[in-house]
1. Is there a residue in the range 62-70 that is under 17 Å from ILE23 (Cβ atoms), loosely packed, with under 10 Cβ neighbours inside 10 Å and not β-branched (Val, Ile, Thr)?
2. Residues of the range 76-88 being of a type in the set (A, V, I, L, M, F, W, C) and either touching a helix residue (DSSP H, G or I) at 6+ places or on another chain (Cβ under 6 Å) or surrounded by 11 or more Cβ atoms within 10 Å (Cβ to Cβ) (or both), which ones?
3. Is the range 68-78 home to any residue that is among the small types (Gly, Ala, Ser), out of contact with any Leu (no Cβ under 6 Å at 6 or more places or on another chain) and more than 30 Å from ILE4 (Cα to Cα)?
4. Hey, ILE23 hits all of (1) more than 30 Å from ASN92 (Cα to Cα); (2) assigned to a helix (DSSP H, G or I) but one; which does it fall short on?
5. On the basis of being hydroxyl-bearing (Ser, Thr, Tyr), touching a Leu at 6+ places or on another chain (Cβ under 9 Å) and either surrounded by fewer than 10 Cβ atoms within 10 Å (Cβ to Cβ) or closer than 20 Å to ALA7 by Cβ (or both), does TYR54 make the cut?
6. How many residues are in contact (Cβ under 8 Å) with a residue 40 or more places away in the chain and either assigned to a helix (DSSP H, G or I) or not aromatic (Phe, Trp, Tyr) (or both) if we restrict to the range 42-97?
7. For residues that are of a type in the set (A, V, I, L, M) and touching a Pro at 6+ places or on another chain (Cβ under 7 Å), scanning just the range 9-29, find the one that is modelled with the highest pLDDT.
Amino acid sequence: MTTILIAIIIFLQFIEYIVIFDIILSWLSLLWLRFRPKFMRDILHPLYSFVQKYIPCRFWAFDFTPIIIILILAFIRGLILMTFPEVQFTLNQLLGY
């Protein structure tokens with residue numbers, strides 16, 4: 001059980017890094033550099049559309065969908081770590097803390 005939960009936490013962290021990288025790439029569009037890899041679109045489009053369907057996230061030209069996704073991922077990760085403290089202990093042992 002602990003191994004599955006650790007894999008879920010690592011997966012959530014991976015998705016969070018992809019969202020942050022997508023935010024940075026969207027800032028490059030201000031310099032007229034439009035680069036967004038296809039695998040990122042394939043991963044993030046379902047997440048973005050799901051959140052945008054239920055929560056209006058646009059305020060003028062700003063899209064707060066990535067921030068909401070990061071908050072949801074952090075909430076799920078925190079919920080897992082609070083519910084199963086042995087997962088936090090195992091993660092600390094794996095990371096050498």
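The values are calculated or read from the model by the stated rules, or taken from the named source; none is laboratory data. None of these values were measured; they are calculated from a predicted model. We place every Cβ from the backbone using ideal geometry, glycine too, and count neighbours over all the protein chains shown.
1. Yes, because at least one residue in the range 62-70 is under 17 Å from ILE23 (Cβ atoms), loosely packed, with under 10 Cβ neighbours inside 10 Å and not β-branched (Val, Ile, Thr).
2. First, pick out the residues of the range 76-88 that are of a type in the set (A, V, I, L, M, F, W, C): 76, 79-82, 84, 87.
Of everything in the range 76-88, those that are of a type in the set (A, V, I, L, M, F, W, C) and either touching a helix residue (DSSP H, G or I) at 6+ places or on another chain (Cβ under 6 Å) or surrounded by 11 or more Cβ atoms within 10 Å (Cβ to Cβ) (or both) turn out to be ILE76, ILE80, LEU81, PHE84, VAL87.
3. The answer is no, given that none of the residues of the range 68-78 is among the small types (Gly, Ala, Ser), out of contact with any Leu (no Cβ under 6 Å at 6 or more places or on another chain) and more than 30 Å from ILE4 (Cα to Cα).
4. (1)
5. Numbers: hydroxyl-bearing (Ser, Thr, Tyr): yes; touching a Leu at 6+ places or on another chain (Cβ under 9 Å): no; either surrounded by fewer than 10 Cβ atoms within 10 Å (Cβ to Cβ) or closer than 20 Å to ALA7 by Cβ (or both): yes.
So TYR54 fails the test.
6. Step one: list which residues in the range 42-97 are in contact (Cβ under 8 Å) with a residue 40 or more places away in the chain, which gives 66, 69-70, 73-74, 76-77, 80-81, 84, 86-87, 90-91, 94.
With either assigned to a helix (DSSP H, G or I) or not aromatic (Phe, Trp, Tyr) (or both) added as a condition, the list becomes 66, 69-70, 73-74, 76-77, 80-81, 86-87, 90-91, 94.
Counting residues in the range 42-97 that are in contact (Cβ under 8 Å) with a residue 40 or more places away in the chain and either assigned to a helix (DSSP H, G or I) or not aromatic (Phe, Trp, Tyr) (or both) gives 14.
7. Start the filter on the range 9-29 by keeping residues that are of a type in the set (A, V, I, L, M), which leaves 9-10, 12, 15, 18-20, 23-25, 28.
So of that shortlist, the ones also touching a Pro at 6+ places or on another chain (Cβ under 7 Å) come out as 19, 23.
Details: VAL19: 94, ILE23: 89.
So, considering only residues that are of a type in the set (A, V, I, L, M) and touching a Pro at 6+ places or on another chain (Cβ under 7 Å), the one modelled with the highest pLDDT is VAL19.
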